[in-house]
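Notes to accompany the following structure.
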Amino acid sequence: MKAMLTVGGFLLAVISVVDALMCYQCANTDGKLCPYDASTYTSTAHDACITWKLGNGSVILQNLVSAKEECTEEKIKFWSRFIDLYYNAYGGSVSCCYSDRCNDGSSLHSNFVDVSNKNKVPTLPAYPSIGESWPSNAGLPVRKAENGNCEKYYDKFSADEWMPDILIPLAYDRASQTKVGVFYTKLGERNNNNDHVIVRIVNRAKQNLTMYSIKLFRVGSVSIHLSKLEPQRNGGGFIQQEGKKTSVNKVVDFENEDGYQGFWISIKDDITVSLGRIGEKLINPLVQFSDVLREGPDEPYYFGLTTPDGTSASFGVNCDMPGLHFPDTCVTDGDCEDY
């Protein structure tokens, strides 16, 4: 924009400088994991930064936008509803902000995706237009929030799944540089001492040939396994193999506690698998296994919860993550600037 200014009898052309805005840009496509794969971009053509999140705070999109086009109340409501319907979850949000790098999208929570055993990485679809018909929102049974303030509660009855039909991406924790997930669970009616719940950890492509499995038993033991599909020698398909790598006894109590119990799982350097109780920090796991031979899944990314034949259990996912760090531990990039 040009303005004319007279100084000492001289007519000068003054060009006003339009402030450029710097925003993070990232989408959970093409192998990216937001927000830590985000890059910063500067633009004079945009005046707002935008962030799309699932209901638990995990980020699926960061970008630069025009406020008058994407930050109106109508558009924010529209895209928030779209997120819920596409990801078969609820509580999705779209937010705009107007300062440099304000859409950092930092979050310790993991997001919920119902994958129904599809071996395909979910991608953001093309934007529908306002007024287009919406897909069916046939989600999981939702109960009132209980322990852990989880977004989703659901049951499994003798599921006997090799690959759980519900997978939740692990969140990336900048403080510990680990991938973290949280869940709550309680066992159903007693069947026998072998009653247990299973946590499966799979790679980004949701391949089920090799997985890490954590088993929590009614009798109090917890074990970590390397679960593999081994081809039969005669070429007649695959055999499910569960190789126990480590086990600890009497560290959980499902017999005397009727309510939900909360646990965290963490993956360090893609090979060290840990499980601990909510309330304990990441440095204090109940059980841990380091896959130094790298036999497990390449780049663990999702976790899922299931039960074997004969066991029933209830689960909560997309839960709060309290007390994982020391009070002075930096988590976001902004926090860490002081360290």
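Every number in this text was worked out from the coordinates using simple rules, so none of it is lab data. Predicted, not measured: the structure shown is a model, and the values here were computed from it. Counting neighbours? That spans all protein chains shown, and the Cβs are built from the backbone with ideal geometry, glycine included.
Tell me, what ³J(HN,Hα) does each residue in the range 154-159 have, in order and in whole Hz, if you take phi through Karplus 6.51 cos²θ - 1.76 cosθ + 1.60 with θ = phi - 60° and put x for Gly and Pro?
8, 10, 10, 10, 6, 4
Simple spin-label model, 7 Å along Cα-to-Cβ: residue 190 to residue 39 in nm?
Those two pseudo-labels are separated by 5.9 nm.
Hey, could you get me the Stokes-Einstein D for the range 212-305, Kirkwood radius over alpha-carbon pairs, 20 °C and 1.002 mPa s, rounded to whole µm² s⁻¹? All intermediate terms of the calculation are to be shown ahead of the outcome.
Values: Rh = 14.7 Å.
Estimated via Stokes-Einstein, D reaches 146 µm²/s.
Taking θ as phi - 60°, what are the ³J(HN,Hα) couplings along the range 222-232 by the Karplus curve (6.51, -1.76, 1.60), each to the nearest whole Hz, with x for Gly and Pro?
Using θ = phi - 60°, the values come out as 9, 9, 10, 10, 9, 9, 9, 9, 9, x, 6 Hz.
How far apart, in nanometres, would the label points at residue 68 and residue 165 be if each is projected 7 angstrom from Cα along the Cα-to-Cβ direction?
According to this spin-label approximation, the distance is 4.9 nm.
Kindly write out, for the range 251-267 in residue order, the coupling ³J(HN,Hα) from the Karplus curve 6.51 cos²θ - 1.76 cosθ + 1.60 (θ = phi - 60°), rounded to whole Hz, with x marking Gly and Pro.
10, 10, 9, 8, 6, 9, 10, 8, x, 5, 10, x, 9, 10, 10, 9, 10
The range 263-325: D in µm²/s via Stokes-Einstein (Kirkwood Rh, Cα pairs, 25 °C, 0.890 mPa s)? All intermediate terms of the calculation are to be shown ahead of the outcome.
Details: Rh = 13.4 Å.
Result for D is 183 µm²/s.
Pop a pseudo-label 7 angstrom from the Cα along the beta-carbon direction at both residue 258 and residue 234 and give the gap in nm to one decimal.
About 5.1 nm separates the two model spin labels.
Do the alpha carbons of any pairs in 215/244; 244/281; 186/245; 53/186; 53/179 sit beyond 20 Å of each other, and which pairs? If you can, show how the numbers build up before the last one.
Numbers: 215/244 10 Å; 244/281 25 Å; 186/245 24 Å; 53/186 28 Å; 53/179 18 Å.
Violating the 20 Å limit, Cα to Cα: 244/281; 186/245; 53/186.
Compute the Rg to Rh ratio over the range 159-253 from the alpha carbon atoms, using the Kirkwood formula for Rh, and round to two decimal places. Please list the in-between numbers first.
Details: Rg = 15.2 Å, Rh = 15.2 Å.
For the range 159-253, the value is 1.00.
Taking the Cβ-Cβ separation of residue 207 and residue 284 as r and a Förster radius of 45 Å, what is the calculated FRET efficiency to the nearest 0.05?
Details: r = 31 Å, r/R0 = 0.70.
Efficiency at R0 = 45 Å is approximately 0.90.
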